[in-house]
1. Suppose we filter the stretch 134-169 for residues that are surrounded by 18 or more Cβ atoms within 10 Å (Cβ to Cβ) and among the polar types (S, T, N, Q); how many remain?
2. For the stretch 379-388, state whether one or more residues are touching a residue at least 12 places away in the same chain (Cβ under 8 Å), touching a strand residue (DSSP E or B) at 6+ places or on another chain (Cβ under 7 Å) and charged (D, E, K, R).
3. Looking at Q535, is it surrounded by 15 or more Cβ atoms within 10 Å (Cβ to Cβ), at pLDDT 95 or above, under 24 Å from P479 (Cβ atoms) and of a type in the set (S, T, N, Q)?
4. Among R263, R220, R275, which is the only one that is over 28 Å from the mean Cα position of the chain (by Cα), part of a loop (DSSP other than H, G, I, E, B) and among the charged types (D, E, K, R)?
5. Please verify whether L768 is exposed (fewer than 15 other Cβ atoms within 10 Å of the Cβ) and either modelled with pLDDT of 95 or more or in contact with a Gly (Cβ under 6 Å, 6 or more places away or on another chain) (or both), treating the condition exactly as stated.
6. Can you name the residue in the stretch 64-94 that is among the polar types (S, T, N, Q) and at pLDDT 95 or above and is also nearest to the chain's Cα centre (by Cα) among such residues?
Amino acid sequence: MVIRWFTFILGAALLQSLSALSPVPIPEDEWTEYWRMLRDPAYRLPTTTRPSRYVVSLTPYFNNVTPPIEPFTFDGVASIYIRPTQANVNEIVMHCNDLRIQTLTVSLNNQQIGLVNDTYECEPVYSFLRIRTTEPLQMDSEYVVSVTYTGRLQTNMRGFYRSWYRDSSGFRWMATTQFQPGHAREAFPCYDEPSFKALFDITINREADFSPSISNMPIRSNETLSNGRIAETFYTTPLTSSYLVAFIVSHYRQVSTNNNINRPFDIYARENAGRTGDWALEIGELLLDAMENYTNIPYYNMTENINMKQAAIPDFSAGAMENWGLLTYREAFILYDPQNSNNFYRQRVANIVSHEVAHMWFGNLVTCAWWDNLWLNEGFARFYQYYLTQSVAPELGYDIRFIVEQLQTSMLSDSVDSAHALTNPAVNSPSSVSAHFSTITYARGASVLRMTQHLLGEETFVKGLRKYLNNRKFDVAEPNHLFEALDEAAVEDQALTQYNNITIDAYFRSWSEKAGHPLLTVSINQATGEMIVTQSRWERDTGVSSFPSLWEIPITWTRAGAPDFNNLKPSQILTEQVTTIQRGTQGLEWVIFNKQESGYYKVNYDQNNWILLTRALRHYTQRIIIHELNRAQIVDDVFVLARAGVMTYDRAFNILSFLKIEDAYGPWIAAITGFNFVAGRLAYNSSNLQRLQDEIINLSTGITQRLGYTDSGSDPFMDGLLRMYVMTFLCNNGHTECMAAAKQNFDSWRSGNFVPANMRPWVYCSGLRQGTAEDFDYFWNRFLNEELASEIVVMIQAAGCTLNQASLERFLNAIVDGNNTIRPQDLSTAWSSAISGNEENAMRMFNWLRSNINQVINNLGSAATPISQIASRLRTEAQISEFQAWLDQNQQLLGAAYNTGIQGITTTRRNLEWAQGRTTEFVKYFDTGYLDEEIEDIPGTGEGGDGEDGVPDSANIINLSIIALITTVAINLIA
């Protein structure tokens, strides 16, 4: 029976493989254009006047208009209620951008006051609307600025913009909004900074055949106008910032609703979306309830008449947006089809909904005063999109995935000397604001909050957050407001007394006001148990930062003789560069610092401790004593240490050899990230790249034996997700069984059979790679007729895998055809697919670009993206020289994209030099394989050599462990 079951496992392995979806969430690249402007205070509004209320009426026009009305424009009428904040103010300054001001008056007690100018315009660059009065404004008086104007429905997914979709009635136009961080000014004149909170009364005058408009609040009243339009006025918003205002004009329907008049929660989308909003509604209600209980502030009591609406937008630059009461999302991040959306999208919908729900408290109710402290919004939302979702849907594995998706990812971004701190006072202009919407702000902020949660303990942490929210609700906050609330809770609970009464204010500032993070180097005297711990700022390319720093580091550690990975309360806080800690035991015994990677730091050990850890990891039963998150930590730390040259790659691979028996999610996702970096560097030498791929396939033995190659439909969620990632990785590295399973399933799909959604990413990609032009034609026709957004993205990610030149060019032509065959929001995904699908694609894409450069520039505005991607994947000096010659010949045509290409070539040459300098380390390991290193002699103990640590010699343990693994899997299946 055991043999037959195991044979079944191996047979099933021939039927499946995985997906081109990254386990790391999509970066917030929609903020890129904002970085430069934030450093100039000239972009900031004066605070001499402040708004209290806006009354805004908008009339949008689409393609069917009567002259002189222009298509895709809108009329606006705005009344802004303001007060001066100081005496002798004779200029009102607010924002407007791309609006044509028709009339403007300022009134006091219904009487117009004198103005210096008769005409007004939105100033370029700074987007200011300056209104000079003939007399100073009176203190303690409310003025009304009344403006009529026209604007354009934008096409760049910013401001008040137009989009389109198809439903059962055919082609439809719509208009929607994306105002963060500074685009409300493109819909109405306003104080477009987060600290200028006000009330908003919105009216939309829509065409009669459109569906009822949607905004932050429910519709209060409607009337039919003389021109046949329907005027819909919404209830007044809570006191809020302009970037959180939203409205949608469309033919949308409620596709899911809870039918609860006391706690209304609805999902809006195109009417042919079917029931794909049900999962977002189900998880959304659970998350909203959980957040209310956590904060002790009910959402539906935040303001009278508030409801909860979520809308799927076909063209959306951001992943999602937390507009108060109207959360907006890309379709792929809210519409989930259980049969045709894979596990990535099930968890992605859940954690993005969680992120936006958390913003109702952290961001909306309490808002960062300025973007230099954006982490007060985004760090909390990113933390709770994992922590909160884990509490309501533990089967989705957010506790494990936070480490590999957020903490380790943020450390990589945070490990360069140019990284920014969480709090950055030099953030003023629109461009610099955008750079603060970064991995560091989101993921590092979340990671430091998680570390603080463990430092204080859950109850004290929650108590402090409740104080913070209640103290600052309907207002803005600075970091000191958070620190004071947490310190108050800590004092009440005596949560920090064991740490010499350190304060949260001092501790947190060492993390929020400094860039980067520390490496702890731990050297252990195995004879005495004395541990010397040294902290230094980590730099990912050299290991040594040019900017030394000290942090207040809460540390946790455990040892082999008494392993405890569950108590995450720090044992002490390091404040000095060098600290001595007593292990409390003598003799050979491994230690591990940073239990469950609960702290935001990396760890390196002396040689003996690494040897002891390697032996334990290679031992089947001792390996699982070490927590999964610490095994993931070790994998990530080892790859990062080797990248910087602090550890040689032959030693790193010696440690990583335990992956042959590893079958858990965390270590393998960390390994995939590390191996992908190495493969990118060894790609300059095809023979060594092949040897790396052979080693990867060798190390995949344990994971493939447990997971197999077929999605059964009844797998635990995390197994289905892990199989998808692992099979994508293995198929891309030439794993024979993976490729065979992909080909078999692709052919079956072509014959009209169903392929499970979790298998499609790797089946599509490897199937196209092994297929013909006819296979691509079939695939492409299916893509053109696909309506489910998540499946569209999966197919775009796979399209570049074709090896057929004509098929690849068909794909590239679609990217630039100007017909929205690929939507603007998906263009970066498409370019990435086209360049990375195969090694050969770089030069094929270059040859295509030479023939189509004018079309690329004309339709996309710039060739910077394909030029950057080609430059990054050139593999020889001959290819580099050919590409640079073309750049030089076309410098004037390419504009700024020329410099992008030159910078890319510089990086590629630097990577080539790196590979040439480090290759011998890889070859050394490829030649010898695993070596069971000897423990260095420990004077006075008689200990040293092999086997003296109570751990069996590990040269043969891997083979024995695989036998044990096979038996365990078979027994579990029988059970």
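1. Residues in the stretch 134-169 being surrounded by 18 or more Cβ atoms within 10 Å (Cβ to Cβ) and among the polar types (S, T, N, Q): 2 in total.
2. no
3. yes
4. Just one listed residue meets the conditions, R263.
5. When the stated conditions are applied, L768 does not pass them.
6. This residue is T73.
Every residue, every condition in (1) modelled with pLDDT of 95 or more; (2) aromatic (F, W, Y); (3) in contact with a Leu (Cβ under 8 Å, 6 or more places away or on another chain), yes or no:
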{"residue": "W279", "(1), (2), (3)": "yes, yes, no"}
{"residue": "G284", "(1), (2), (3)": "yes, no, no"}
{"residue": "L288", "(1), (2), (3)": "yes, no, no"}
{"residue": "T295", "(1), (2), (3)": "yes, no, yes"}
{"residue": "N307", "(1), (2), (3)": "yes, no, no"}
{"residue": "I313", "(1), (2), (3)": "yes, no, no"}
{"residue": "S317", "(1), (2), (3)": "no, no, no"}
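A quick yes/no check of all residues on (1) small (G, A, S); (2) closer than 26 Å to L335 by Cβ:
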{"position": "S751", "(1), (2)": "yes, no"}
{"position": "F754", "(1), (2)": "no, yes"}
{"position": "A773", "(1), (2)": "yes, no"}
{"position": "Y778", "(1), (2)": "no, yes"}
{"position": "F783", "(1), (2)": "no, yes"}
{"position": "A789", "(1), (2)": "yes, yes"}
{"position": "A814", "(1), (2)": "yes, yes"}
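The values are calculated or read from the model by the stated rules, or taken from the named source; none is laboratory data. Since the model is a prediction, treat every value here as computed from it, not as a measurement. Here the Cβ is made from the backbone with ideal geometry for all residues, glycine too, and neighbour counts use every protein chain on show.
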